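*Asks:* Quick one: structure below, then a few questions.
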Amino acid sequence: MTTSVLAASESGVSAIALWTLIIAVVAAIGAAWAALSVRRVGSNEDVISRELAALHTAVDRQVRQSSENDSWNRDEVTARYQELLFALSNVDRVVAEDISAAVVSTPVGDLGAATRSLNKAYDQLNLALTAALVVARRRVHPLALELSTGIDRRVLTPLAPQSGIPAPAHERLQSEHAYIKKMHSLLLQAMRADLGLLDPGIEATLIFTTKEVESGALADRSTAAGRSGVQLINLLEDFGVMPLLGAEDDYVMSDELLGQCEVLYSAVSATFEAVMRHIGDEIHLAIRPDLTDERLDEIYEIAVRLVEAGLRGNIHRRDGLDGSSLFLIEPSHRAGTDPV
């Protein structure tokens with residue numbers, strides 16, 4: 001019996017030891033897992049920290065680069081704007097000084113030298129406009145685009161007879177000069193607006209004025225614009241244009257003159273409607289008698305625009321052996337639609 005009790009006791013002790021061992025193993029595994037988990041969490045936190053630090057560094061770098069780019073772009077825009085203003089100011093100066101000094105003289109001063117100065121300044125303006133249009137922002141761009149085709153250089157160097165520039169030619173020159181100064185003022189405001197330096201109230205007025213410019217409000221500055229037929233005849237007289245021998249005071253050909261002109265010019269143009277001839281300081285005009293009143297008035301306007309542009313335009317000039325220049329106005333020619 002004693003033996004049985006001892007066996008049972010030993011068996012119970014063995015069981016307790018086994019369970020103790022199992023519990024110890026489980027505890028050890030749990031501790032190991034916990035330790036491993038702690039290390040993993042710590043590792044993940046390190047990774048996240050490193051990633052956040054790298055992200056912040058990238059963002060900071062991008063912000064600095066963006067700021068540097070914005071600064072460079074602003075400097076580039078400002079430089080191009082300054083070049084454009086300088087070039088336009090130079091054209092203004094040449095017109096105000098060189099051209100005006102030659103025009104107001106009697107006899108006319110050295111208009112040839114003044115014209116060369118104007119051409120040089122105008123070429124520089126075109127270069128500055130091309131560069132500015134590449135970087136121009138919303139306020140400057142429409143004005144620079146208008147200016148790129150807006151100036152009529154021809155009227156700034158009119159015909160110069162020895163007796164002096166005719167009054168309407170001087171008037172036309174002044175209106176073109178006023179346009180240049182107007183565009184200079186608008187561009188200066190637009191540049192300040194693009195750079196954030198213009199008062200909002202002034203910018204609102206600028207926007208309205210720019211829309212007027214885009215709509216063509218400043219486009220037609222000709223002395224012929226809006227004139228009646230009688231007014232255009234008087235304007236031609238003021239320009240010094242005389243009726244061709246055999247034409248009436250209103251420049252309409254007699255039947256005899258029409259026959260002579262058809263013989264002389266039909267080989268050049270079978271459909272000519274008017275003849276303008278320039279030799280020395282004299283300009284003569286004669287118009288066919290078989291035109292409608294509406295077309296007759298339009299030819300008067302074409303003739304005025306041609307003369308105020310110094311006889312430079314899209315009406316082909318034919319030079320004679322006697323030093324004269326001949327212009328034949330044809331049905332395809334229209335007033336005010338193309339440069340004459």
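*Asks:* How high is the relative contact order of the stretch 218-316, given as a whole-number percent (alpha carbon pairs under 8 Å, six or more residues apart)?
*Replies:* Values: 94 pairs, mean separation 33.3, N = 99.
Reported relative contact order: 34 percent.
*Asks:* By the scheme Lys and Arg +1, Asp and Glu -1, what is the net charge of all other residues having a beta-carbon under 15 Å from that of A217? Let's see the in-between values first.
*Replies:* Details: positive: K182, K211, R221; negative: E146, E212, E214, D220.
Neighbourhood net charge equals -1.
*Asks:* Quick one: if you stick a label point 7 Å off each Cα along the C-beta vector at F208 and Q124, how many nm between them?
*Replies:* Output for this residue pair reads 3.6 nm.
*Asks:* So what are the stretch 98-251's ellipsoid semi-axes, whole angstrom, largest first, if each one is the square root of 5 times an eigenvalue of the alpha-carbon gyration tensor? Write down the numbers at each step before the final one.
*Replies:* Working: eigenvalues 259, 78, 30 Å².
After diagonalising the Cα gyration tensor, the semi-axes are 36, 20, 12 Å.
*Asks:* Share of antiparallel DSSP beta bridges in the stretch 193-292, in percent to the nearest 5? All intermediate terms of the calculation are to be shown ahead of the outcome.
*Replies:* Working: 7 of 11 bridges.
Restricted to the stretch 193-292, the bridges split so that about 65 percent are antiparallel.
*Asks:* Which whole-number value in Å³ per residue fits the convex hull of the alpha carbons of the stretch 182-287? It would help to have the intermediate numbers written out before the result.
*Replies:* Numbers: hull volume 18.4 nm³, N = 106.
With only Cα atoms used, the stretch 182-287 gives 174 Å³ per residue.
*Asks:* Could you tell me how far the Cα centroid of the stretch 252-278 sits from the Cα centroid of the stretch 308-324, in Å?
*Replies:* Rounded to whole Å, the Cα centres lie 16 Å apart.
*Asks:* Report, in whole Å, the centroid distance computed from the Cα atoms of the stretch 202-231 and the stretch 90-169.
*Replies:* 19
No lab work stands behind these numbers, since they all come straight from the coordinates. All values derive from a computational prediction rather than experimental measurement. Every residue, glycine among them, receives a Cβ derived from its backbone with ideal geometry; neighbour counts consider all protein chains shown.
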